[in-house]
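All remarks here apply to the structure that follows.
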Amino acid sequence: MQDNKTVAAIATPNSAGGIGIVRISGKDALKIADKVFIAASGKHLCDSEGYKAHFGTIIDSGEPVDEGIALVFRAPKSYTGEDVVEISCHGGLYVTKRTLRAVLHAGAQPAPAGEFTKRAFLNGRIDLAEAESVMALIGAQGEQAASAAFNTLEGKLSQKISQTAHSLISVCAHMSAWVDYPDEEIEEISPNELKSVFTTAKTELLKMLQSFENGRAVTQGVDAVIVGRPNVGKSKLMNLLSGYERSIVTDIPGTTRDIVEETVKIGDIILRLADTAGIRSTENEVESIGVSLAKKRLTRAQLVIAVFDAAQELTEEDKKILADCKEKLTLAVINKSDLEKCADIDYIKDNTNASVLISAKNGEGFEELEKTLATLLGTADFDPSAAALTTERQRLCCERAVDNIEEALVALESGMTLDAVNVCADCAVEALLELTGERAGEAVVNEVFAQFCVGK
Ligand code: GDP
């Protein structure tokens, strides 16, 4: 499976910056780097020890391109586990690209997306869950998400999953031995012991799944939609949340005809927020397209932010919106708290999961909104220092393991043979080892690294 070609790519962002880095990895990394980098000391990089930095000149087709630093890592003590050279040049786009071009001319192949981390995985430097946390760390938009990804990268999740998998493997092995070698005097494992191992494993995995759900809003973000009849202040709220004027705010009902989408951060919570056309019956053709888009978006939203006007009595339209949100996780934002209150706040509270009184005009109640959201979405209970699942793939593996453990418990309780129990437990082990990559197929591995960026 391992491709032993030497590869190279720009490891820094595709924009101007102080430094640009071209990373080369593979058995010829030092030889190739020597063709494009002349150290001021006169030393060849091929003769360099690992963890050494060399100042020198980068050359392309015999022409100097820039001054730079070549950082040498010797296998296996590098990110990929192979020989690696990182050439830092000035971070202009042209200079960085020209340095890469020189390296490719000298014999390196362009590295596909995620290739360096994939090599780190294939060379046993990190497991699959840790590799995924590299991307989670790069993509983290807040402290909690970064901290959770970092802990996974440090191996916290893998340790926990390994422990659970090995407790199951050990009882599976015992059961197999007992079933396969009836003549040997292998002690039969008691149903109570099995039950205890399965229950402990299930509890641990359920805790991780719950933690993933609690952290979803900070690690993955949540699809949210703002609904409400025209003129209650949806656009104003959207502007307050996203920090600048995006939707058109006017006094004429029905001004927001398209769906305005924005990713906003409230504390550490990420909301992919859509402000929709006021959901209302309308004769206007363009407006009715907006209304139908809004309804579709409402169906797939994970969170509904339903806005009401505190200064007006609830209308039939408001009540219809409350009824439409019944099956959804709904936060009621009762807006215009700066005006005299007329709305039936208790009615709103009784028909939503949480509510908060704010003024989108002067920002009053914003802190309360942040706290209420954290409680509603579970992030208030999220502990980023615990072993955390960081991707949907990991969550699915974990869920599959729980389902199989539950089946093993049912098989045990209904008095089925140890063989049947063993099959279920074994499937749970498979799912956990797929999570860490110990037994992941090539397709799964390729799928994981396809999500990466070039240069990582
Ligand atoms: P939308 O149709 O629901 O998007 O409502 P807009 O955001 O366009 O707001 C409608 C009107 O209500 C505008 O005149 C806003 O200035 C006003 N408005 C919005 N929020 C507040 C608020 O908190 N207090 C007051 N007094 N007026 C507000």
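Laid out as a table, the results:
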quantity: Range in the chain, longest, excluding exposed chymotrypsin sites (Phe, Trp or Tyr not before Pro) [loop by DSSP; at most 11 other beta-carbon atoms within 10 Å]; calculated: 245-456
quantity: Whole-percent pair-distance distribution, where bins are 10 Å wide, for the alpha carbons of the chain; calculated: 4, 17, 18, 17, 18, 15, 8, 2, 0
quantity: Residue order for D183, D344 - accessible surface, 1.4 angstrom probe, largest first; calculated: D183, D344
quantity: Mean-position separation - Cα centroids, the range 33-110 and the range 161-220, in angstrom; calculated: 49 Å
quantity: Relative contact order [Cα under 8 Å, 6+ residues apart], the range 1-152, whole percent; calculated: 25 percent
quantity: Solvent-accessible ranking of D350, D34, largest area first, probe 1.4 Å; calculated: D350, D34
quantity: Positive minus negative residues near N351 (Lys, Arg vs Asp, Glu; Cβ under 9 Å); calculated: +2
quantity: Computed accessible area, K336, all protein chains, 1.4 angstrom probe, square angstrom; calculated: 50 Å²
quantity: Antiparallel bridges, percent of DSSP beta bridges restricted to the chain (to nearest 5); calculated: 60 percent
quantity: Kyte-Doolittle at least -0.5, axis length at least 20 Å by Cα - qualifying DSSP helices, the chain; calculated: 156-180, 191-219, 285-300, 392-413, 418-436
quantity: Estimated FRET transfer efficiency when R0 is 30 angstrom, pair Q210-R439 (beta carbons, to 0.05); calculated: 0.75
quantity: Length-normalised contact order for the chain - Cα pairs under 8 Å, 6+ apart - percent; calculated: 17 percent
quantity: Net +/- balance of residues flanking I138 in space, Cβ distance below 13 Å, scoring K and R +1, D and E -1; calculated: 0
quantity: Surface accessible to a 1.4 Å probe, T12 within the full protein complex, Å²; calculated: 40 Å²
quantity: Rg in Å to one decimal, and Dmax rounded to a whole Å, for the range 300-368 via C-alpha atoms; calculated: 11.5, 35
quantity: A173/Y51 FRET efficiency (R0 35 Å; Cβ-Cβ; nearest 0.05); calculated: 0.25
quantity: K202 accessible area, 1.4 Å probe, all protein chains in place, Å² to nearest 10; calculated: 50 Å²
quantity: Å³ per residue enclosed by the Cα convex hull of the range 7-127; calculated: 91 Å³
quantity: Cα gyration tensor shape for the range 68-195, rounded if a/c is under 1.5, else prolate or oblate; calculated: prolate
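The values are calculated or read from the model by the stated rules, or taken from the named source; none is laboratory data. The model shown is predicted, which means the values in this text are computed figures rather than measured ones. Neighbour counts are summed over all protein chains in view; Cβ atoms, including those assigned to glycine, are modelled from backbone coordinates with ideal geometry. Remember, those area values only see protein heavy atoms, side chains included, never the ligands or the DNA or RNA. Shrake-Rupley method; radii C 1.70, N 1.55, O 1.52, S 1.80 Å.
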